[in-house]
Amino acid sequence: MRRCARREDSWSGAGKTLKARLTQSITSASKWIAAVGWDRAINEGYRIHTTIDVNLQRAAEDSLKAHLERAEQHPDYNHQTYADYAASFRKAKASGKWLSNLRRVLARRGHRSG
């Protein structure tokens, strides 16, 4: 019988702190939603405000970019790359199309534009 290699936790340094804080925030939000009920939490206008350490946020973004770049270099990656997405978003933003598209999407979902 062959044993599978144990997957090591890839979180380290600031990442472990971020993981712990995110886990705590998600747990707190989940308990709150369980207390008031999903329908009330979603439909009655409740808002959850959170804060995050700017250095942890930067570490998370840097880690995400590094892992994303590695994934995009894989030969079987057949999706739009982040660089292509960012370029198309900048182009749409400069032309103003992104705002009209956003309004159209929100209108379809029943949101009023202000």
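Would you call residue 66 within 16 Å of the chain's Cα centre (by Cα), part of a helix (DSSP H, G or I) and without any contact (Cβ under 8 Å) to a residue 12 or more places away in the chain?
So residue 66 fits the description; yes.
Which residue pairs have Cβ atoms closer than 6 Å, lie 6 or more positions apart in sequence or on different chains, and pair a first residue in region 69-92 that is touching a residue at least 12 places away in the same chain (Cβ under 8 Å) with a second residue that is surrounded by 10 or more Cβ atoms within 10 Å (Cβ to Cβ) and assigned to a helix (DSSP H, G or I)?
82/68
So in region 53-106, with the set limited to residues that are touching a Ser or Thr at 6+ places or on another chain (Cβ under 7 Å) and not acidic (Asp, Glu), which one is nearest to residue 43 (Cα to Cα)?
Filtering first and then ranking leaves 106.
So how many residues does region 69-114 have that are in contact with a helix residue (DSSP H, G or I) (Cβ under 9 Å, 6 or more places away or on another chain), charged (D, E, K, R), outside the structural domain of residue 43 (by TED's automatic domain parsing) and not in a loop (DSSP other than H, G, I, E, B)?
3
The values are calculated or read from the model by the stated rules, or taken from the named source; none is laboratory data. Values in this document were obtained by computation on a predicted structure and should not be read as measured data. Every residue, glycine as well, gets a Cβ built from its backbone with ideal geometry; the counts of neighbours run over all protein chains shown.
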